[in-house]
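Here is the structure we will look at.
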Amino acid sequence: MNSADCPMCKIIRTYLILAVPVLAVLFLQPSEPVFGAFSIIKIAPWFVAIGLPSLIAWKYYHEIYKRNRKSRKD
C-alpha cells in the first residue's frame, strides 16, 4: 500500500474497520449475546469514558508536546 495516503483516506479506512462491524452487530441484533453476560448499552459508555480522554491525550502529545520538545532541541 502507499504509505502517503491522504488524511481522509485514513479516516474512511478507520471508520470501515471499526464502526461498520459495531453497527452491523447493533443492526442485526443477534439472538445470542455477543459479549455473553455483558450488555452493549453498559459497555459503550466505558469505551467512550476511556477512549475520549485517551484520544485527547494522544493528540495533545503528538501535536503540541512533541512539536514543542523538538523546537527546544533545535
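Quick look at the values:
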| read-out | value |
| --- | --- |
| Every residue from the range 1-28 that is of a type in the set (D, E, K, R) and at pLDDT 85 or above | Lys10, Arg13 |
| Residue that is modelled with the highest pLDDT, among those in the range 29-46 that are of a type in the set (A, V, I, L, M) and not in a loop (DSSP other than H, G, I, E, B) | Ala44 |
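The values are calculated or read from the model by the stated rules, or taken from the named source; none is laboratory data. Quick caveat, the model's predicted, so the values are computed rather than measured.
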